[in-house]
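Below you'll find the structure, written out as structure tokens, and then a few comments.
The values are calculated or read from the model by the stated rules, or taken from the named source; none is laboratory data. The shown structure was predicted, so the numbers you read here are calculated from the model rather than taken from an experiment. Backbone-built Cβ (ideal geometry, glycine too); neighbour counts: all protein chains shown. Quick note on the areas: whole protein, heavy atoms, side chains included, nothing else; ligands and nucleic acids left out. Shrake-Rupley method; radii C 1.70, N 1.55, O 1.52, S 1.80 Å.
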Amino acid sequence: QVQLVESGGGLVQAGGSLRLSCAASGRTLSWLTMGWFRQAPGKDRECVAAINWSGGSTYYLDSVKGRFTISRDNAKRTVYLQMNSLTPDDTAVYYCAAANSWGVFGARAFGSWGQGIQVTVSS
């Protein structure tokens, strides 16, 4: 099992940027698919970005394509989500998650989760 801790959230104005980090402990990240999810009040948890073990494949939710970038540093056991051109619709609790396989981006495919971090975008 891997333990995940998110950081970097907060309050930002529309059009601004934030960089989320996810630090892992307990086991290597090297063979894991990593994902960033978000959940707004009253909405389902959705995968906004995912990256395969090598960083060679990525997935993005359509609404964040061109604005968000996921990356990973396996040596540092850290996954990042760079979020640019933020809008109030991006306001949510953001979660880091890990999965053993690539290609399925529903929440049920990810077995390890961080505690979540709030991102609030003001208009």
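Condition (residue is open to solvent by 40 Å² or more (accessible area, probe 1.4 Å), among the small types (Gly, Ala, Ser), out of contact with any Asp or Glu (no Cβ under 9 Å at 6 or more places or on another chain) and more than 20 Å from Asn100 (Cβ to Cβ)) applied to the range 46-62: is it met by at least one residue? Among the residues of the range 46-62, not one is open to solvent by 40 Å² or more (accessible area, probe 1.4 Å), among the small types (Gly, Ala, Ser), out of contact with any Asp or Glu (no Cβ under 9 Å at 6 or more places or on another chain) and more than 20 Å from Asn100 (Cβ to Cβ), which makes the answer no.
Pairs meeting the criteria (first residue in the range 102-123 and of a type in the set (Ser, Thr, Tyr), second residue in a loop (DSSP other than H, G, I, E, B), beta carbons under 8 Å, at least 6 apart or on different chains) are Ser112/Gln1; Ser112/Val2; Thr120/Thr91; Ser122/Ala14; Ser123/Ala14. Arg38: open to solvent by 60 Å² or more (accessible area, probe 1.4 Å) and not in a loop (DSSP other than H, G, I, E, B), yes or no? Judged against the criteria, Arg38 is not a match.
When restricted to residues that are among the basic types (Lys, Arg) and either within 19 Å of Thr91 (Cβ to Cβ) or in a loop (DSSP other than H, G, I, E, B) (or both), the range 58-73 contains 2. Name the residues in the range 72-123 that are polar (S, T, N, Q), open to solvent by 60 Å² or more (accessible area, probe 1.4 Å) and under 12 Å from Arg38 (Cβ atoms), would you? Across the range 72-123, the qualifying residue is only Gln118. The C-beta contact set for the range 14-32 (first residue of a type in the set (Val, Ile, Thr), second residue surrounded by 13 or more Cβ atoms within 10 Å (Cβ to Cβ), distance under 9 angstrom, 6+ apart or interchain) comprises Thr28/Val2; Thr28/Asn74; Thr28/Arg77.
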